[in-house]
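A short reminder: the numbers here are calculations on the coordinates, not readings from a lab. In this text, all values refer to a predicted model and were calculated from it rather than measured experimentally. When we count neighbours, we look across all protein chains shown, and the Cβ atoms used for this are built from the backbone with ideal geometry, even at glycine.
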Amino acid sequence: MALILYRVTLQRLQRAGGDLPPESALADLCRIQHHTVRMDNGPPTQGVSTIAPRQADGLDARHARNPSHDAQMARL
């Protein structure tokens, strides 16, 4: 199963025009973080780290939308 997932990911990355190996693409995606900040007893503010171009390419190759602070964050 792991080999199939690896090869499908590799094919999608290649079709998207990238030369990034799946391990590097996954490492880039793991760096996306969800933040909750509260300042001066105010309401919490949520956000997602800035998506770098390589991360956006990895998401595009997987046909995934950029994460936001809504229900998609549960998938990360």
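About its Cα centre, how strong a charge dipole does the chain have in debye, to the nearest 20, once Lys and Arg get +1 and Asp and Glu get -1 at the Cβ?
Computed charge dipole of the chain: roughly 220 debye.
Among (1) 63, 25, 16; (2) 38, 23, 20; (3) 48, 25, 17, find the value of Cα extents along the principal axes in Å that was calculated from the structure presented, and write down its label.
The listed entry that was calculated here is (3).
Put +1 on the Cβ of each Lys and Arg and -1 on the Cβ of each Asp and Glu in the chain; which of A27, Q55, Q14 then has its Cα farthest toward the positive end of the dipole?
The listed residue farthest towards the positive side: Q14.
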